1. Can you find, within the stretch 167-197, the residue that is nearest to Val129 (Cα to Cα) among those that are among the small types (Gly, Ala, Ser) and surrounded by 13 or more Cβ atoms within 10 Å (Cβ to Cβ)?
2. For the stretch 107-127, name all the residues that are within 17 Å of Gly148 (Cα to Cα) and either in contact with a Gly (Cβ under 9 Å, 6 or more places away or on another chain) or in a loop (DSSP other than H, G, I, E, B) (or both).
3. Quick check: anything in the stretch 128-146 open to solvent by less than 40 Å² (accessible area, probe 1.4 Å), in a strand (DSSP E or B) and over 28 Å from Ala29 (Cβ atoms)?
4. Of these, Ala43, Ala56, which one is out of contact with any Pro (no Cβ under 7 Å at 6 or more places or on another chain), outside any helix (DSSP H, G or I) and touching a residue at least 40 places away in the same chain (Cβ under 8 Å)?
5. Considering each residue of the stretch 80-109, count those that are modelled with pLDDT of 85 or more, open to solvent by less than 50 Å² (accessible area, probe 1.4 Å) and either at positive phi or out of contact with any helix residue (DSSP H, G or I) (no Cβ under 8 Å at 6 or more places or on another chain) (or both), and give that number.
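The values are calculated or read from the model by the stated rules, or taken from the named source; none is laboratory data. Since the model is a prediction, treat every value here as computed from it, not as a measurement. Note that we place each Cβ from the backbone using ideal geometry, even for glycine, and neighbour counts take in every protein chain shown. Quick note on the areas: whole protein, heavy atoms, side chains included, nothing else; ligands and nucleic acids left out. Shrake-Rupley method; radii C 1.70, N 1.55, O 1.52, S 1.80 Å.
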Amino acid sequence: MDPLVGQIAARIRSEREQRRWTLAQLADASGVSRAMINRIERAESNPTAVVLGKLAAAFQLRVSALLTPAEGATGGAPDSSGEQVTGVRRMADATEWRDPATGYRRRQITGPRFPADIAEVRLPPGARVPYPAASLAFIRQVVWVLDGRLTFHEGDAVHELNPGDSIEVDEPVPCVFANTGDAECRYAIILTRVERP
């Protein structure tokens, strides 16, 4: 079993149990089937980006929270050399999650205690990843294109973004990240939490 799939499974189960929700209650809140949630929690299925977005929305969390273990002890974590560090995140130690449906790859840049959530995303040609408005209900985001071209759907508006372009999304609307080009698109997502939608 992929350790990250097991980590995601444990985090989703932990979030559900903390709220004292049944599988059926989480299914109702997220729009993800009870059977799929059950498979994810048993680490039998690696959820897609769309499913993670729906589950995160139900928990009112950022997607990255479901990709990291629940907060434990304070202090830094050892890097690849075994040295204890705080604030330094080595590329070699970064965990990269891959969406099994689209090949979308996400690498978390910031840790769980940092006030902004920053991730690097690599979207292959032809990939399309939709997120429901509910996944942004308590979040504001900036999308910053680093390489390639991104077609970003913000509700009914469609934006063609080139390297260096960015867009701020201040309202919870359905969003779609699409790569209609023939080369990989690499972009950064910067998220901050707000108190109310």
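1. First, pick out the residues of the stretch 167-197 that are among the small types (Gly, Ala, Ser): 178, 181, 183, 188.
From the residues that got through so far, the ones that are surrounded by 13 or more Cβ atoms within 10 Å (Cβ to Cβ) too are 178, 181, 188.
Numbers: Ala178: 6, Gly181: 15, Ala188: 15 Å.
Applying the filter and picking the extreme gives Ala178.
2. Going through the stretch 107-127, the residues within 17 Å of Gly148 (Cα to Cα) turn out to be 119-127.
Answer for the stretch 107-127, where residues must be within 17 Å of Gly148 (Cα to Cα) and either in contact with a Gly (Cβ under 9 Å, 6 or more places away or on another chain) or in a loop (DSSP other than H, G, I, E, B) (or both): Arg122, Leu123, Pro124, Pro125, Gly126, Ala127.
3. Scanning the stretch 128-146, I find at least one residue that is open to solvent by less than 40 Å² (accessible area, probe 1.4 Å), in a strand (DSSP E or B) and over 28 Å from Ala29 (Cβ atoms), so the answer is yes.
4. Numbers: Ala56 fails: outside any helix (DSSP H, G or I).
None of the other options fit; the residue is Ala43.
5. Of the residues in that region, 2 qualify.
Quick grid of which residues meet (1) in contact with a helix residue (DSSP H, G or I) (Cβ under 8 Å, 6 or more places away or on another chain); (2) surrounded by fewer than 16 Cβ atoms within 10 Å (Cβ to Cβ):
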position	(1), (2)
Gln7	no, no
Ser14	no, yes
Arg19	yes, yes
Ala29	yes, no
Ile37	yes, no
Glu44	no, yes
Thr48	no, no
Val63	yes, no
Pro69	yes, yes
